[in-house]
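Notes follow the structure.
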């Protein structure tokens with residue numbers, strides 16, 4: 001389980017770096033998307049490890065619901081980032097506005113893990 005925790009914490013650091021860098025620079029750059037991809041990969045691997053190690057896979061609690069919702073939002077956010085990098089314009093404007101909200105949802109899922117533990 002320690003590997004899953006390290007992966008999720010790495011995802012937090014990398015996702016935060018990517019989102020806040022884009023926010024402060026007021027634009028999306030290719031290195032930010034690369035960091036985003038690594039963050040999503042860490043989150044996906046950490047979630048998979050936790051899923052396979054869980055004793056009660058069919059139980060639903062706030063952390064599981066928030067976690068899967070955040071993972072889906074993060075995946076869609078990554079796809080949007082890839083589209084935004086190629087299109088720019090309005091796609092980038094809306095991406096910039098949505099990024100912080102996606103990060104807050106993801107952070108809520110992370111925080112709910114501390115509550116459930």
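The values are calculated or read from the model by the stated rules, or taken from the named source; none is laboratory data. Computed from a prediction, not measured in an experiment: that's the story for all the values here. A quick note on method: Cβ atoms are made from the backbone with ideal geometry, for glycine too, and the neighbour counts reach across all protein chains shown.
Looking only at region 20-47, count every residue that is assigned to a helix (DSSP H, G or I) and either more than 11 Å from residue 8 (Cβ to Cβ) or modelled with pLDDT under 90 (or both) and tell me the total. Give the derivation first.
Taking region 20-47 and keeping what is assigned to a helix (DSSP H, G or I), we get 20-25, 30-47.
Add one more test, that the residue is either more than 11 Å from residue 8 (Cβ to Cβ) or modelled with pLDDT under 90 (or both), and what stays is 20-25, 30-38, 40-41, 47.
Count: 18.
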Residue 103 passes all but one of (1) farther than 17 Å from residue 12 by Cβ; (2) touching a helix residue (DSSP H, G or I) at 6+ places or on another chain (Cβ under 6 Å); which number fails?
(1)
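Has region 108-117 got any residue that is free of Cβ contacts under 8 Å to residues at least 24 places away in the same chain and either more than 22 Å from residue 43 (Cβ to Cβ) or not in a helix (DSSP H, G or I) (or both)? Even if it seems obvious, please write down each step before you answer.
Quick first cut of region 108-117, residues free of Cβ contacts under 8 Å to residues at least 24 places away in the same chain only: 111, 114, 117.
Checking which are either more than 22 Å from residue 43 (Cβ to Cβ) or not in a helix (DSSP H, G or I) (or both) leaves us with 117.
Yes, region 108-117 contains at least one residue that is free of Cβ contacts under 8 Å to residues at least 24 places away in the same chain and either more than 22 Å from residue 43 (Cβ to Cβ) or not in a helix (DSSP H, G or I) (or both).
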Take region 48-94 and flag every residue that is free of Cβ contacts under 8 Å to residues at least 12 places away in the same chain and not in a helix (DSSP H, G or I).
54, 55, 56, 57, 58, 59, 60, 88
Hey, residue 73 surrounded by 13 or more Cβ atoms within 10 Å (Cβ to Cβ) and modelled with pLDDT under 80 or not
no
I want to confirm something. Restricting to region 97-117 and keeping residues that are closer than 17 Å to residue 27 by Cβ and surrounded by fewer than 17 Cβ atoms within 10 Å (Cβ to Cβ), which single residue is farthest from the chain's Cα centre (by Cα)?
97
For residue 17, are the conditions met, namely being under 21 Å from residue 111 (Cα atoms), surrounded by fewer than 17 Cβ atoms within 10 Å (Cβ to Cβ) and touching a helix residue (DSSP H, G or I) at 6+ places or on another chain (Cβ under 8 Å)?
yes
